[in-house]
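See structure below.
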Amino acid sequence: MCIRDSMCFNGTEHFPGNSMVDWLESIGVRFGHNLNAYTSVDETVYNINNVPVARKSVQDSCLIILHDWACALTLDPEEINKERGVIHEEWRRSMAGEMRVIEKLMPVIYPDCRYGERLPIGLMSVVDNFEPQVLVDYYKTWYRPDQQGIIVVGDIDPEYIESKIKEIFGSIKMPENAKEREYFEVEDTDGTIYAIGADPECRSASFALMFKCDPLLPRAMRNSMYYYSVEYMRDIVVSMLNKRLEEAALAPDADFAGAGVELGHFFVAPTKEALTINGASKGNDILPAVKSVYREVLRAVRGGFTISELERARAEFLSDIERKYNDRDKTESITYAQQYVRSFIDNNPIAGIAKEYEIYNQIAPLIDVNAINSFLPSIVTE
């Protein structure tokens, strides 16, 4: 949590001081558990969940809280100054050995790029010294209707909630001459970037290999049927690679203790993607482990996967989709809310598990081993 999202709990127009937290806890919404926020490099999301919604007055009050977060924070200078110490303590707890290494390596991983400048919690030199007006100016610049989305999920009357949202939020105005939102690109790399870090608290050797690629689908194309084909191939390739690495690690003469694959954001940057393999060596000599894992990846890129590997991965994928479909009536509201957040921010489709179950059962038999084997080489390029 950075200082801008934590200030949302320290006083608003309709809930001065700590009255917001006190009122929510009085109805069973616990601060830090059902009431929280997070900030990543490109988004801030505020959350109130497990709210008892039988009374419409409670629904209305929660919407007013969202309204105040959107445009009516108090941002009292005294409270801002108090929060500096809170952020310092959170930074101190988070800065264990691995995080200290990551912070040092970020400028190397992202050369000449905004993503390499700092982690979302910020620099403590800034936290200690900025003037309160800087935070007020930031809030007025970026907390505005075109950058915000409201998501309400639960046992509620949708028409009533929609009318209340229009009533409560309709008066929020766009600032004049609004500053344009900028998205930072990550450049391709000539050759290989390597970053090495050490810390006394890091007792074992670990490594990551990241193969950068452009986003598999541009944002504008994600809310389409093509999204499901790409996500299916993404999931299948990751599953088969993980199975190979799992089996290789179990061999008596294996050079690495374990390794796992992800295919998503290039570390913290959503404007670039990467096939990322995280691994751990058996001892302090990490080079044999890196070589062994890299060899497995290249074997898959150059030689592809077998039909039997694909059939096993496909069966596991469809089994998982069927389980989610069968358990659809047990889905909690927070799960739906998280899906809607990703739809708002990333433009991911939200067809629902019943439709997705149908889509994936149609897609899976049509994507053969040749299609899968042309997918990975398009990601792991020179």
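The values are calculated or read from the model by the stated rules, or taken from the named source; none is laboratory data. Everything quoted here is computed from the prediction, not taken from an experiment. Glycine also receives a Cβ, built like all others from the backbone with ideal geometry; neighbour counts cover every protein chain displayed.
Worth a mention:
- Of the residues making up segment 302-316, those that are surrounded by 19 or more Cβ atoms within 10 Å (Cβ to Cβ) and among the aliphatic types (A, V, I, L, M) are LEU310, ALA313.
- Look at (1) in contact with a helix residue (DSSP H, G or I) (Cβ under 7 Å, 6 or more places away or on another chain); (2) within 29 Å of ALA249 (Cβ to Cβ); (3) in a loop (DSSP other than H, G, I, E, B) and you find that PRO349 fails only one, number (2).
- Residue match in segment 256-266 (condition: surrounded by fewer than 22 Cβ atoms within 10 Å (Cβ to Cβ), at pLDDT below 95 and acidic (Asp, Glu)): no
- Complete set of residues in segment 149-173 that are touching a residue at least 12 places away in the same chain (Cβ under 8 Å), over 26 Å from the mean Cα position of the chain (by Cα) and within 20 Å of ASN50 (Cα to Cα): ASP155, ILE156, TYR160, ILE161, LYS164, ILE165
- Close pairs (9 angstrom Cβ cut-off, 6 or more residues apart or separate chains): closer than 15 Å to VAL51 by Cα in segment 330-342, in a helix (DSSP H, G or I) and modelled with pLDDT of 90 or more anywhere: none
- Which numbered condition GLU167 misses (of (1) at pLDDT 95 or above; (2) surrounded by 15 or more Cβ atoms within 10 Å (Cβ to Cβ)): (2)
- Odd one out for ALA300 among (1) touching a Leu at 6+ places or on another chain (Cβ under 8 Å); (2) part of a helix (DSSP H, G or I); (3) within 14 Å of LEU209 (Cα to Cα): (3)
- Among the residues listed as ILE156, ILE168, the single one being among the β-branched types (Val, Ile, Thr) and either part of a loop (DSSP other than H, G, I, E, B) or closer than 27 Å to GLU201 by Cβ (or both): ILE156
- Which numbered condition GLU382 misses (of (1) outside any helix (DSSP H, G or I); (2) touching a residue at least 40 places away in the same chain (Cβ under 8 Å)): (2)
- Which numbered condition TYR194 misses (of (1) in the same structural domain as VAL58 (by TED's automatic domain parsing); (2) assigned to a loop (DSSP other than H, G, I, E, B); (3) surrounded by fewer than 14 Cβ atoms within 10 Å (Cβ to Cβ)): (1)
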